[in-house]
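Accompanying notes for the structure given below.
The values are calculated or read from the model by the stated rules, or taken from the named source; none is laboratory data. All of these numbers come straight from a predicted model, not from anything done at the bench. When we count neighbours, we look across all protein chains shown, and the Cβ atoms used for this are built from the backbone with ideal geometry, even at glycine.
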Amino acid sequence: VTAGEPTRAAQQDERTFDVVVIGGGQAGLAVGYELRRSRLSFVILDAQPQAGGAWQQAWDSLRLFSPARASSLPGWLMPPERNGTPTRDEVLAYLRQYEVRYALPVRRPVRVASVQKSETGLILVTSDGEYLARAVVSTTGTWQKPFIPHYPGQEQFRGLQLHSAHYRTSQPFGDQTVLIVGGGNSAAQILAEVGQVAETIWVTLEPPRFLPDDVDGRVLFEQATARYQAQQAGREPPPASSLGDIVMMPSVKAARAQGLLEAVRPFARFTPGGVVWDDGRETHIDAVIWCTGFRPALDHLAPLGVIEPNGRVQVVGTRSVREPRLWLVGYGEWTGFASATLIGVGRTARMTASELVAELQAS
Ligand SMILES: Cc1cc2nc3c(=O)[nH]c(=O)nc-3n(C[C@H](O)[C@H](O)[C@H](O)COP(=O)(O)OP(=O)(O)OC[C@H]3O[C@@H](n4cnc5c(N)ncnc54)[C@H](O)[C@@H]3O)c2cc1C
């Protein structure tokens, strides 16, 4: 060992923790916030070079469904928006400041390739060497796993196919005919934008469900909360909108006024130059934008043998049933009520941190 070079023991020490959190998006930060008052040593490993998680990849004009005060992580409210609901860049600035404000120990870019069992804990094989943890919290989100349904003839289609995960602006679609597939908020917002420069056809499995004009995403959250509470109390859940119902953002209202929000049911198959509908009609299409959602990004957990055929991990609360040293936060309802939202992830992060403390701090 030459002067200034860390010894193997020191290196090992820098990579040995009670808890390693994988992913430094909003879910990882919320878990970090809750762990920082414990006596547990922990680190957050994030694959991206900068803070902000998936929000860094969101399209340029994206706006939240709800005002800042209803879109905050634990401890610190998002600063009030300037006009309308917060923009992507306002969310990014908030997440960057949040990390600094609470001095969260995030290392980046560090990608976790795999998590493996060992006798002393869990070994994380990463782009920064091996880490050892007594427990792991996975908060890797869904952005890396865009889901695209399969339609016959799809491979022959010669036009562009883009998932909403990679959509940034309407600029490449000028004067084209664009098929927008999907019935949720991503589809509605992208349709509203692309519809200004291109001919659009909106394809949804069922007629889209729009919220009334005078409410925003808070209503979805409140209704979902009422349903969750009824369920917890063993009562019949009240009927309500789903978190996927379309919020009438100003751009979506404008698109409606232009007659752009008429949706049709899916086509039968692709051809090299377009699509064929059930009645045999063919339409020329230049591009398809798939707004068809995401799946959890869990490949790094494969060696633990915890991934079920449905692509999820079986959990009680947020704790894996098959690997009790593993917790999962932020992926959606299956890892806690509204856990894939800024305001909802706090609850599951708190619960997870208290389980980790109960499990690890005592021993
Ligand atoms: C179009 C759209 C609009 C939305 N609007 C709202 C809204 O209005 N309000 C709201 O509350 N929510 C909204 N959401 C939902 C939600 O807030 C986001 O999906 C959120 O980014 C999820 O946070 P996360 O921390 O779980 O995952 P991510 O933000 O994806 O963060 C995960 C991090 O983990 C890293 N990572 C992944 N794999 C590894 C690995 N193997 N090793 C190391 N690091 C890894 C990633 O690089 C990333 O930095 C919206 C989502 C979308 C797609």
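Checking the condition under 30 Å from Arg69 (Cα atoms) and within 16 Å of the ligand (Cβ to nearest atom), which residue from Ala133, Ala165 passes?
Exactly one residue qualifies, and that residue is Ala165.
Go over the candidates Thr120, Thr85 one by one and state the one that is within 12 Å of the ligand (Cβ to nearest atom), hydroxyl-bearing (Ser, Thr, Tyr) and either surrounded by 19 or more Cβ atoms within 10 Å (Cβ to Cβ) or part of a loop (DSSP other than H, G, I, E, B) (or both).
Result of the check over Thr120, Thr85: Thr85.
Report whether or not Ser66 is modelled with pLDDT of 95 or more and of a type outside the set (Val, Ile, Thr).
Values: modelled with pLDDT of 95 or more: no; of a type outside the set (Val, Ile, Thr): yes.
The answer is no for Ser66.
Being over 18 Å from Gly332 (Cα atoms), crowded, with 22+ Cβ neighbours inside 10 Å, modelled with pLDDT of 95 or more and not hydroxyl-bearing (Ser, Thr, Tyr) is true for just one of Leu45, Leu40. Which residue is that?
Leu45
Give the residues of the range 342-363 that are over 18 Å from the mean Cα position of the chain (by Cα) and part of a helix (DSSP H, G or I), sorted by residue number. Steps first, please.
Applying the first criterion (over 18 Å from the mean Cα position of the chain (by Cα)) to the range 342-363 yields 350-363.
Result: Arg350, Met351, Thr352, Ala353, Ser354, Glu355, Leu356, Val357, Ala358, Glu359, Leu360, Gln361.
Scanning the range 297-314 for residues that are within 18 Å of the chain's Cα centre (by Cα) and of a type in the set (D, E, K, R), which turns out farthest from the ligand (Cβ to nearest atom)?
Among those residues, the one meeting the criterion is Arg312.
Hey, among the residues in the range 293-320 that are assigned to a strand (DSSP E or B) and without any contact (Cβ under 8 Å) to a residue 12 or more places away in the chain, which one's nearest to Ser339 (Cα to Cα)?
The selected residue is Val316.
Taking Pro79, is it without any contact (Cβ under 8 Å) to a residue 60 or more places away in the chain and either surrounded by fewer than 21 Cβ atoms within 10 Å (Cβ to Cβ) or in a loop (DSSP other than H, G, I, E, B) (or both)?
Yes; evaluated as a whole, the condition is true for this residue.
Could you list all residues from the range 95-134 that are modelled with pLDDT of 95 or more, within 25 Å of Ser363 (Cα to Cα) and not small (Gly, Ala, Ser)?
Of everything in the range 95-134, those that are modelled with pLDDT of 95 or more, within 25 Å of Ser363 (Cα to Cα) and not small (Gly, Ala, Ser) turn out to be Leu104, Pro105, Val115, Gln116, Lys117, Leu122, Ile123, Leu124, Glu130, Tyr131, Leu132, Arg134.
Table: residues versus (1) β-branched (Val, Ile, Thr); (2) within 16 Å of the ligand (Cβ to nearest atom); (3) crowded, with 20+ Cβ neighbours inside 10 Å.
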residue: Val316; (1), (2), (3): yes, no, no
residue: Leu328; (1), (2), (3): no, yes, yes
residue: Trp334; (1), (2), (3): no, yes, no
residue: Arg347; (1), (2), (3): no, yes, no
residue: Arg350; (1), (2), (3): no, yes, no
residue: Ser354; (1), (2), (3): no, no, no
residue: Leu360; (1), (2), (3): no, no, no
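Give the residue, chosen from Val31, Val43, Val19, that is more than 14 Å from the ligand (Cβ to nearest atom) and touching a residue at least 40 places away in the same chain (Cβ under 8 Å). Please lay out each step first, then the result.
Numbers: Val31 fails: more than 14 Å from the ligand (Cβ to nearest atom); Val43 fails: more than 14 Å from the ligand (Cβ to nearest atom).
One residue alone meets the criteria, Val19.
What are the pairs with Cβ atoms under 8 angstrom where one residue, in the range 95-106, is under 14 Å from Val43 (Cβ atoms) and the other, located anywhere, is acidic (Asp, Glu)? Sequence gap at least six, or different chains.
From the range 95-106, the pairs are Val106/Asp46; Val106/Glu99.
When the residues of the range 136-151 are filtered to those that are within 8 Å of the ligand (Cβ to nearest atom) and buried (at least 24 other Cβ atoms within 10 Å of the Cβ), which remaining residue is farthest from Arg319 (Cα to Cα)? Walk me through it before giving the result.
Within the range 136-151, the first condition is being within 8 Å of the ligand (Cβ to nearest atom), and the residues that meet it are 139-144.
Then keep just the ones that are buried (at least 24 other Cβ atoms within 10 Å of the Cβ); that gives 139-140.
Numbers: Thr139: 12, Thr140: 15 Å.
Restricting to residues being within 8 Å of the ligand (Cβ to nearest atom) and buried (at least 24 other Cβ atoms within 10 Å of the Cβ), the top hit is Thr140.
Which residues, taken from the range 3-24, are buried (at least 24 other Cβ atoms within 10 Å of the Cβ) and either modelled with pLDDT under 95 or under 19 Å from the mean Cα position of the chain (by Cα) (or both)?
Start the filter on the range 3-24 by keeping residues that are buried (at least 24 other Cβ atoms within 10 Å of the Cβ), which leaves 19-24.
Within the range 3-24, Val21, Ile22, Gly23, Gly24 qualify.
In the range 312-337, how many are at positive phi and touching a Leu at 6+ places or on another chain (Cβ under 7 Å)? Can you show your working first?
Here is the first cut: in the range 312-337, the ones at positive phi are 317, 330, 332, 336.
Adding the requirement that they be touching a Leu at 6+ places or on another chain (Cβ under 7 Å) leaves none.
Qualifying residue count, the range 312-337: 0.
Scan the range 52-76 residue by residue and report those that are in a loop (DSSP other than H, G, I, E, B), of a type outside the set (Asp, Glu) and more than 8 Å from the ligand (Cβ to nearest atom).
Let us first name the residues in the range 52-76 that are in a loop (DSSP other than H, G, I, E, B), namely 52, 58-62, 64-67, 71-76.
This time we only want the ones that are of a type outside the set (Asp, Glu), so: 52, 58-59, 61-62, 64-67, 71-76.
Ser61, Pro67, Ser72, Leu73, Pro74, Gly75, Trp76, listed by residue number.
Among residues belonging to the range 166-187 that are of a type in the set (Val, Ile, Thr) and buried (at least 19 other Cβ atoms within 10 Å of the Cβ), point out the one that is farthest from Tyr151 (Cα to Cα).
Val178
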